[in-house]
1. In region 429-487, what residues are in contact (Cβ under 8 Å) with a residue 12 or more places away in the chain, on the phi > 0 side of the Ramachandran plot and open to solvent by 70 Å² or more (accessible area, probe 1.4 Å)?
2. Which number in (1) in contact with a Gly (Cβ under 7 Å, 6 or more places away or on another chain); (2) farther than 27 Å from Leu434 by Cα; (3) open to solvent by less than 50 Å² (accessible area, probe 1.4 Å); (4) not small (Gly, Ala, Ser) marks the one condition that Phe496 misses?
3. Conditions first: (1) under 16 Å from Glu4 (Cβ atoms); (2) modelled with pLDDT of 70 or more. Asp79 passes all but one, so which condition is the exception?
4. When you go through Ile362, Ile391 one by one, which is the residue that is among the hydrophobic types (A, V, I, L, M, F, W, C) and crowded, with 17+ Cβ neighbours inside 10 Å?
5. Could you tell me how many of the residues in region 157-177 are open to solvent by 70 Å² or more (accessible area, probe 1.4 Å) and outside any helix (DSSP H, G or I)?
6. Out of (1) of a type in the set (Val, Ile, Thr); (2) out of contact with any Gly (no Cβ under 7 Å at 6 or more places or on another chain); (3) outside any strand (DSSP E or B); (4) surrounded by 16 or more Cβ atoms within 10 Å (Cβ to Cβ), the odd one out for Thr519 is which?
7. In region 304-383, which helices (runs of 4 or more DSSP H) lie fully inside it and hold 3 or more residues that are at pLDDT 85 or above?
8. Which number in (1) at pLDDT 65 or above; (2) farther than 16 Å from Ala8 by Cβ; (3) outside any loop (DSSP other than H, G, I, E, B) marks the one condition that Ala23 misses?
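The values are calculated or read from the model by the stated rules, or taken from the named source; none is laboratory data. Predicted, not measured: the structure shown is a model, and the values here were computed from it. Note that each Cβ is placed from the backbone with ideal geometry, even for glycine, and that neighbours are counted across all protein chains shown. The area values use the complete protein model at the heavy-atom level, side chains included, leaving out ligands, DNA and RNA. Shrake-Rupley method; radii C 1.70, N 1.55, O 1.52, S 1.80 Å.
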Amino acid sequence: MTREQMLARQNELLNQARTAGRAMNADERAEFDALQRAIDALNAAAGGNAGSGHFGQRAKATEGDDEDGEEEDEEGDDDSSEKAVEAERLRIRQIEDMCSSFGMDARTYVDNGSSLESVREAVIAHMMQQSAPIRSGIQVMDSEQDKFRRAAADALIMRSGMELEQPAEGARNLMGMHLRDLAIECLQMDGTDERNLNRKNTDELYSLLQRGFYNPEAAFPAILDNTIEKAYREGHKKVSVTFDRITKKGTLSDFKTHDNYYIAGPVGEFLEVPENGELKHDVFRDDKLPTRKLKTYGRQFTLSRKAFIDDDISLVTSLPARYAASARKTINKQVYQILVQNPAVYDGVALFSSQHKNLLKIGTGVTQEAMQTMIMALANQRDQFDEAIIINPASIVVPSGMQFDMYTLFYSPTIHTTDNTQAVNPLYQYREQLEVVEDPTINALCGGMGNVMPWWLLGAEGDTDFIEVDYLNGQEIPNIRRMEVPGQLGFVWDIFLDWGISVMDFRGGVKNPGVEVKTKLELA
């Protein structure tokens with residue numbers, strides 16, 4: 001076959017696939033590629049003479065060839081075929097380049113005749129789905145300064161007595177360093193112009209450190225920040241509180257009063273429709289839920305000049321941990337203040353009251369009769385639309401010291417009757433269903449042992465709302481930031497947290513006013 005015949009056959013293969021509305025099949029693609037290789041070989045052998053041959057044919061036709069311009073038409077067909085082939089080759093190369101750059105298979109897009117624009121859209125969609133950067137092979141390594149900062153922070157924490165599961169490499173070797181030694185090494189690392197740092201007294205070193213207070217690259221403040229952050233996270237994690245076992249966690253995005261929450265009421269019952277009768281229109285009701293609002297709580301503490309000179313490590317370790325624990329304890333106390341003090345809630349009525357049908361008239365200890373009454377009171381509540389609801393008992397909240405009576409009441413298969421006989425304990429079946437939550441905060445709020453202390457039965461979280469603790473954007477761990485206070489000698493940190501506590505539904509709990517709680521034996 002001549003070069004022109006090969007080009008014509010390639011064009012025929014392309015037109016044949018396009019007319020059928022498809023890409024070339026495997027056989028057509030193989031033939032197309034074989035023809036292209038043959039054409040490339042002819043072009044290489046001709047060394048450019050093929051172009052002069054074409055001009056000669058055109059000249060001959062111009063001088064009087066009586067083929068009525070047939071050769072010119074054939075030459076035009078050859079040119080269009082060659083352009084079509086070249087365009088297809090360019091499309092394939094560009095598609096393969098794009099797909100290979102992003103880890104995609106180009107074969108599908110080549111075979112189905114996809115345009116370059118559609119392939120670009122597919123590449124963008126692929127990148128959005130993967131949500132990951134392209135691997136460049138570049139690795140960012142920690143500098144020696146970063147490693148030292150982490151090791152020094154962990155060394156300070158361990159020196160204070162706190163345990164770390166995986167301390168930074170080299171941290172144990174730095175545990176013997178005093179704050180003065182650490183300050184000298186940090187100043188040298190920061191490239192200070194001061195000379196003979198070892199000969200300066202601790203007060204002079206402290207003044208030099210304060211110059212780098214606003215420098216984000218300064219090592220000593222960064223080490224203190226890292227140490228304090230780890231310490232207060234440990235304190236926040238280990239503090240003993242119980243409020244999160246009896247409340248629901250929520251989240252709010254700002255400090256505005258959120259009062260746009262509505263609950264849809266029940267729909268009407270289905271009514272019988274007689275033959276040729278009409279369906280009756282139903283209008284459902286809704287009710288506004290209580291408002292929710294965040295407040296900010298916080299404290300401030302200082303690593304003073306005196307503490308630095310005295311090498312008081314506790315101010316950057318145990319003190320932040322205690323403040324973080326204090327945040328959790330404050331929330332715990334506020335929740336139990338609501339239970340004990342019984343304030344008016346969203347409807348203007350006391351949380352536990354006769355109107356809400358969730359308060360026993362006379363307080364008792366932990367008895368079978370009291371438990372039965374409280375379970376029935378919880379189960380017989382009605383919703384905002386006076387419809388019956390199902391609330392299963394889930395938690396019993398008691399002051400410290402009353403849990404002994406709970407175990408006796410729930411874990412004994414039999415009980416003594418008034419006739420001094422044995423009978424089945426009906427509360428034995430609740431032993432796995434009810435969680436006993438005992439908190440000494442209740443004792444403290446009631447004045448301590450020897451005073452009357454109430455206790456409560458709470459419903460399951462999935463059945464009803466009760467008390468909700470909201471956090472700003474769901475963040476439970478306090479924020480901490482370093483700042484400088486004019487006229488105060490020292491590094492200062494603010495620690496703060498945003499939360500709000502709201503009673504969402506009084507139906508979630510029943511209160512027993514309780515009885516006097518005291519020890520079985522008198523204390524000395």
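1. Correct list: Asn473 only.
2. Against the list (1) in contact with a Gly (Cβ under 7 Å, 6 or more places away or on another chain); (2) farther than 27 Å from Leu434 by Cα; (3) open to solvent by less than 50 Å² (accessible area, probe 1.4 Å); (4) not small (Gly, Ala, Ser), Phe496 comes up short only on (3).
3. It is condition (2) that Asp79 fails.
4. Result of the check over Ile362, Ile391: Ile391.
5. Count: 4.
6. (4)
7. Once the helices (runs of 4 or more DSSP H) in region 304-383 are filtered for at least 3 residues that are at pLDDT 85 or above, what remains is 318-341, 368-379.
8. Failing condition for Ala23: (3).
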